[in-house]
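Asker: Below is the structure I would like to discuss, written out as structure tokens.
The values are calculated or read from the model by the stated rules, or taken from the named source; none is laboratory data. None of these values were measured; they are calculated from a predicted model. Neighbour counts run over all protein chains shown; Cβ positions are idealised from the backbone, glycine included.
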Amino acid sequence: MAATTRRTSEAVAETAALHPVGAEKIPPGAAGPLLGDLRRGGLLPLLVLHFVAREPSYGNQLMERISRLTAGAVAVNPNTMYPLLRSLEERGLIAGAWEHPERRTRRFYRITSAGEAERAALAAAVAPRLDAVARGVELIRNELADPPAASREEA
């Protein structure tokens, strides 16, 4: 392993800064080849559980935190977030309470003990996928840092 080890989250966030050239540019938040498997593998529920374990949070706040953490690589829209929050609440993994019940403003969610167990299980399941993405990004970086032989001969 390299002398300078980076956190997997840093490597994943760096992935967001890599954009294909020209017409093949992937829009922010699109589940491209590097992150699609992570999204299917439970990354979004894991991130929600992670953030609500830290402090009670509401839907828009969670969407912003996920986008910020992943440097825009994982953008979540309300049509994804709110059904996920309802599903997690129905499964007893999070508990929600209205900030002002009489006005139904923001609904804050906190993790439950069942949610803590699910968060740990998801973290264990997602970790190998995160590591694979980080390894792939590092291999790409290393490959691109070494110019092709034809370029070296011209210099």
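Asker: Keeping to the stretch 90-102, report how many residues are surrounded by 13 or more Cβ atoms within 10 Å (Cβ to Cβ), over 22 Å from Arg40 (Cβ atoms) and charged (D, E, K, R).
Answerer: Of the residues in that region, 0 qualify.
Asker: Which count do you get for residues in the stretch 45-93 that are modelled with pLDDT under 95 and among the charged types (D, E, K, R)?
Answerer: 0
Asker: Return yes when Thr105 is within 22 Å of Gly42 (Cα to Cα), surrounded by fewer than 17 Cβ atoms within 10 Å (Cβ to Cβ), at pLDDT below 95 and not charged (D, E, K, R) and no when it is not.
Answerer: Details: within 22 Å of Gly42 (Cα to Cα): no; surrounded by fewer than 17 Cβ atoms within 10 Å (Cβ to Cβ): yes; at pLDDT below 95: yes; not charged (D, E, K, R): yes.
Considered against the rule, which asks whether it is within 22 Å of Gly42 (Cα to Cα), surrounded by fewer than 17 Cβ atoms within 10 Å (Cβ to Cβ), at pLDDT below 95 and not charged (D, E, K, R), Thr105 comes out as no.
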